[in-house]
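Enquirer: I have a structure I would like to understand better, so I am pasting it below and will then ask my questions one at a time.
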Amino acid sequence: MEIRKTQVVVPVLLVVMTLMVTQVVFAGKESLHERHMAELQAVKASLVRRNLPAFVSPPPTPPQAVPGPRVYQVISYGADPTGKADSTNAILKAMEDAFDGPNHGVLMEGINDLGGARIDLQGGSYLISRPLRFPSAGAGNILISGGTLRASDNFPVDKYLIELNDESSKLQYIFEYITLRDLLIDCNYRGGAISVINSLRTSIDNCYITRFGDTNGILVQKGHETYIRNSFLGQHITAGGDRGERNFSGTAVNLVGNDNAITDTVIFSAAIGVMISGQANLLSGVHCYNKATGFGGTGIYLKLPGLTQNRIVNSYLDYTGIVAEDPVQLQISGTFFLGDAFILLKSINGVVRGVNIVDNMFSGSGHGVQIVQLDQRNKPFENVDQVVVDRNNVNGMATRSTVAKASVDGNGTSWTVDFNPVLLFPNLIKHVQYTLVASEGGAFPVHAVRNISDNRVVVQTNAPVTAQVYVTVDQ
């Protein structure tokens, strides 16, 4: 090592002495002096680098720990994705951990924002023996998705596989912004699939719900704004023409609350497709072929006598119709009725007001089934106001309307136009417009409407004349 150091130092000293001599000789040459000084500095720096130990770079500062995504995978809790063993406890534990996870503020009063935590079913099929529920009220912003839930043979027949409920809660709303997505729920004819009780802004999206018992597939009670979309519901798995259709029972969706929506959803078997007993709900893009009217089924049943306030638009009633009790503020438009499906207005207290049944299509078998019918067995409709049934196109069924036009011609002093084959309500004409056109050039008769009872308009003249009478009425 000493020999190696000497070998390094001697050449360096020779270089230094040579440079010093050169500096004296050329002291007067300023630029040459500056160049030699720069070279000397370079040699010194090289010498220092050779003899000093190499510096070791300090380790980089470790990055701050970033919390991982809050995804609770149920298999890691012991759930059996094959569906052979009962997975109820494992999934309940995942729900409990998600519920107890860090919150990110508060949504509605008393509801913790869980930050979009996810309970991941990991594409498995899980056997469930009792309802899946959060530990208590107060959860919000959480998703359950991605698998199949199947009721066991001993699942309670009066319960639902997923229950958003807490009977002991005193909160205004129990849950908020809970999303159930990409689920198949097989109720095994034991109970229902999903119950949403007094919750706010709940989404049920892309779910397949089947084999529910003589109960509801989905129950929505109280609360606000449960949105059911892109989903399929049927008590029995069929695609129409089922031999057991007469025996279908249960209700696919039961809305016992306000401000909800069902959109782009198919209901393929149940006694009642959608039961509504809350206001301000919207049905759009709903296809019901759950149980034919001829077998006692109903596609959509509006059980809100006296204050309906619901809208059914752009939907498809397939061999099954709509029933509305004492409807007040009801819109049915842009909907296709196939297979003699019709709309029934059922009198409870004889009230029907603010009803628009317009711009629909009806297609039937040619047996004269009326597109809109009245059930007045309890009481006749006596309070009728702002009811418009008009602009519907009809094929193979009998048209019914609250607006009608007709004409009659003849010679005499009296012309009668009978609107009973068209008008919806019996013995009710509120407005009449008519025109009498005399065929004889010199005739100028005095004429007037003399009677509008029993949905017949009678126009009379003071003298015999050959004429045509054109009449428009509405109810």
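The values are calculated or read from the model by the stated rules, or taken from the named source; none is laboratory data. Here the structure is a predicted model, which is why all the values come from computation and not from measurement. We place every Cβ from the backbone using ideal geometry, glycine too, and count neighbours over all the protein chains shown. SASA here: full protein model, heavy atoms, side chains in, ligands and nucleic acids out. Shrake-Rupley method; radii C 1.70, N 1.55, O 1.52, S 1.80 Å.
Enquirer: I need a count of the residues in the range 341-357 that are under 28 Å from the mean Cα position of the chain (by Cα) and on the phi > 0 side of the Ramachandran plot.
Expert: Of the residues in the range 341-357, 1 are under 28 Å from the mean Cα position of the chain (by Cα) and on the phi > 0 side of the Ramachandran plot.
Enquirer: So, in the range 260-278, of the ones that are farther than 15 Å from Ile204 by Cα and not in a strand (DSSP E or B), which residue ends up most open to solvent (accessible area, probe 1.4 Å)?
Expert: Ser277
Enquirer: Also, I was wondering about something else. Is it the case that the range 42-63 has a residue that's at pLDDT 95 or above and among the small types (Gly, Ala, Ser)?
Expert: Checking the range 42-63: not a single residue is at pLDDT 95 or above and among the small types (Gly, Ala, Ser).
Enquirer: Checking the condition surrounded by fewer than 23 Cβ atoms within 10 Å (Cβ to Cβ), touching a residue at least 12 places away in the same chain (Cβ under 8 Å) and touching a helix residue (DSSP H, G or I) at 6+ places or on another chain (Cβ under 9 Å), which residue from Thr238, Thr215 passes?
Expert: After applying the criteria, what remains is Thr238.
Enquirer: Right, something else. Restricting the search to the range 199-234, which residues are farther than 12 Å from Glu163 by Cβ and not in a strand (DSSP E or B)?
Expert: Within the range 199-234, Arg211, Phe212, Gly213, Asp214, Thr215, Asn230, Ser231 meet the criteria.
Enquirer: Which ones in the range 358-387 are touching a residue at least 40 places away in the same chain (Cβ under 8 Å), open to solvent by 30 Å² or more (accessible area, probe 1.4 Å) and either over 20 Å from Arg456 (Cβ atoms) or under 30 Å from the mean Cα position of the chain (by Cα) (or both)?
Expert: Selection gives nothing.
Enquirer: For the range 368-392, which positions are under 18 Å from Gln331 (Cβ atoms) and out of contact with any Gly (no Cβ under 6 Å at 6 or more places or on another chain)?
Expert: Within the range 368-392, Ile371, Val372, Val384, Asp385, Val387, Val388, Val389, Asp390, Arg391, Asn392 meet the criteria.
Enquirer: While we're on this one: Report yes if some residue within the range 331-350 is open to solvent by less than 10 Å² (accessible area, probe 1.4 Å), farther than 19 Å from Ala398 by Cα and either among the hydrophobic types (A, V, I, L, M, F, W, C) or free of Cβ contacts under 8 Å to residues at least 24 places away in the same chain (or both); otherwise report no.
Expert: no
Enquirer: In the range 115-133, which residues are assigned to a strand (DSSP E or B) and of a type outside the set (Val, Ile, Thr)?
Expert: Correct list: Gly115, Gly116, Ala117, Arg118, Asp120, Ser125, Tyr126, Leu127, Leu132.
Enquirer: Which count do you get for residues in the range 419-434 that are open to solvent by less than 70 Å² (accessible area, probe 1.4 Å) and touching a helix residue (DSSP H, G or I) at 6+ places or on another chain (Cβ under 9 Å)?
Expert: The total comes to 7.
Enquirer: So for the range 326-338 (the condition being of a type in the set (Ser, Thr, Tyr) and within 21 Å of the chain's Cα centre (by Cα)), does at least one residue qualify?
Expert: yes
Enquirer: Still on this structure, I have one more. Which residue, of Gly68, Gly110, is at pLDDT below 95, outside any strand (DSSP E or B) and touching a Leu at 6+ places or on another chain (Cβ under 9 Å)?
Expert: Gly110
Enquirer: Checking the structure you have, find out if any residue of the range 435-453 is at positive phi, under 57 Å from the mean Cα position of the chain (by Cα) and surrounded by fewer than 16 Cβ atoms within 10 Å (Cβ to Cβ).
Expert: no
Enquirer: While we're on this one: Can we say Ser168 is assigned to a strand (DSSP E or B) and at negative phi?
Expert: Against the criterion (assigned to a strand (DSSP E or B) and at negative phi), Ser168 does not qualify.
Enquirer: Let me ask something else about it. Being within 19 Å of the chain's Cα centre (by Cα), open to solvent by 10 Å² or more (accessible area, probe 1.4 Å) and in contact (Cβ under 8 Å) with a residue 24 or more places away in the chain is true for just one of Ser203, Ser195. Which residue is that?
Expert: Of the residues listed, the single one that is within 19 Å of the chain's Cα centre (by Cα), open to solvent by 10 Å² or more (accessible area, probe 1.4 Å) and in contact (Cβ under 8 Å) with a residue 24 or more places away in the chain is Ser203.
Enquirer: Please work out if Leu233 is open to solvent by 10 Å² or more (accessible area, probe 1.4 Å) and of a type in the set (A, V, I, L, M, F, W, C).
Expert: Spelling it out, it is not the case that Leu233 is open to solvent by 10 Å² or more (accessible area, probe 1.4 Å) and of a type in the set (A, V, I, L, M, F, W, C).
Enquirer: Pick from the range 279-327 the residues that are assigned to a loop (DSSP other than H, G, I, E, B) and polar (S, T, N, Q): which of them is most open to solvent (accessible area, probe 1.4 Å)?
Expert: The selected residue is Asn314.
Enquirer: Assuming Gln122 fulfils every condition listed in (1) at pLDDT 95 or above; (2) open to solvent by less than 50 Å² (accessible area, probe 1.4 Å) apart from one, which condition is it?
Expert: Unmet condition: (2).
Enquirer: Within the group Ser249, Ser277, Ser284, which residue is of a type in the set (S, T, N, Q) and within 20 Å of Gly191 (Cα to Cα)?
Expert: The unique qualifying residue is Ser249.
Enquirer: Can I ask one more? Return the residue satisfying two criteria in turn: it lies in the range 264-285 and is closer than 11 Å to Leu233 by Cα and of a type in the set (A, V, I, L, M), and of such residues it is nearest to the chain's Cα centre (by Cα).
Expert: It comes out as Val266.
Enquirer: Considering only residues that are among the small types (Gly, Ala, Ser) and over 25 Å from Asp182 (Cβ atoms), look in the range 91-119 and name the one that is surrounded by the most Cβ atoms within 10 Å (Cβ to Cβ).
Expert: Ranking the candidates gives Gly110 first.
Enquirer: So Pro135 passes all but one of these: (1) free of Cβ contacts under 8 Å to residues at least 24 places away in the same chain; (2) touching a helix residue (DSSP H, G or I) at 6+ places or on another chain (Cβ under 6 Å). Which condition number does it fail?
Expert: The single condition Pro135 does not satisfy is (1).
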